[in-house]
Amino acid sequence: MRDKINADLTQAMKAGEKVRVGTLRLINSAIKSADIEARPSGKDKISDDEILAVLSRMLKQRRDSIEQFTAGGRQDLVDKEAAEVAIIEVYLPKQMDESEMKTVITGIIKEVGAESPKDMGKVMGALKQRYAGQMDFGKASAAVKDILK
């Protein structure tokens, strides 16, 4: 994953794609920061799954920013964030739609034997372990709460 991002960065630099270069540099910076945070636990570099988590966080931050900029009437900033979202999404697996997400959640709930909202941690842990980068965990959390009422 790291190699793909770096190769794409080199290609974007040669092509003169300023937005893509900037976004890929932000991605590399976030990955390096996560590498540094992981060092005390004995890891030199984070895994591809952890890179997916970093990218998911970046995507969520940009989507939140888009909402705020839209509310503030700053279309120029909305366009910039939307361009970054499109570039980040290239490196993430296909996102599940609502129906796929509910099907997966229902299966996990049965698998871990969750019966009440107290078991939500087990369900969310299993979802994050298996479906990192494939679903919005904010929406998944709301769906789990709704099912476990």
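Since every read-out is calculated from the coordinates, none of them should be taken as a lab result. Just so it is clear, the structure is predicted and the values come from calculations on it, not from any experiment. Using ideal geometry, Cβ is built from the backbone for each residue, glycine included, and neighbour counts are taken over all protein chains shown.
Under 14 Å from the Cα of residue 149, which aspartates and glutamates turn up, not counting those fewer than eight places away in the same chain? By straight Cα distance, residue 149 reaches 115, 119. The angle between the Cα long axis of helix 120-130 and the longest principal axis of the Cα atoms of the chain comes to about 50 degrees, rounded to the nearest 10.
The number of Lys pairs in region 98-147 with C-alpha atoms less than 14 Å apart, excluding pairs fewer than 8 positions apart on the same chain, is 7. For residue 60, a cut-off of 12 angstrom between C-alpha atoms picks up these aspartates and glutamates, skipping any fewer than 8 places away in its own chain: 81, 84, 89, 136. For the chain, the longest principal axis of the C-alpha atoms and the axis of helix 98-112 are separated by about 50°. With contacts taken as Cα pairs under 8 Å and at least 6 residues apart, the chain reaches a relative contact order of 20 percent. Each Lys and Arg contributes +1 and each Asp and Glu -1, all at the Cβ; summed about the Cα centre of region 25-97, the dipole is approximately 180 debye.
Normalised by 2.2 N^0.38 Å, where N counts its residues, the alpha-carbon radius of gyration of region 98-147 equals 0.97.
A value for percent of Cα pairs over 27 Å apart was derived from the coordinates, and within the list [x] 22; [y] 36; [z] 44 it appears as [y].
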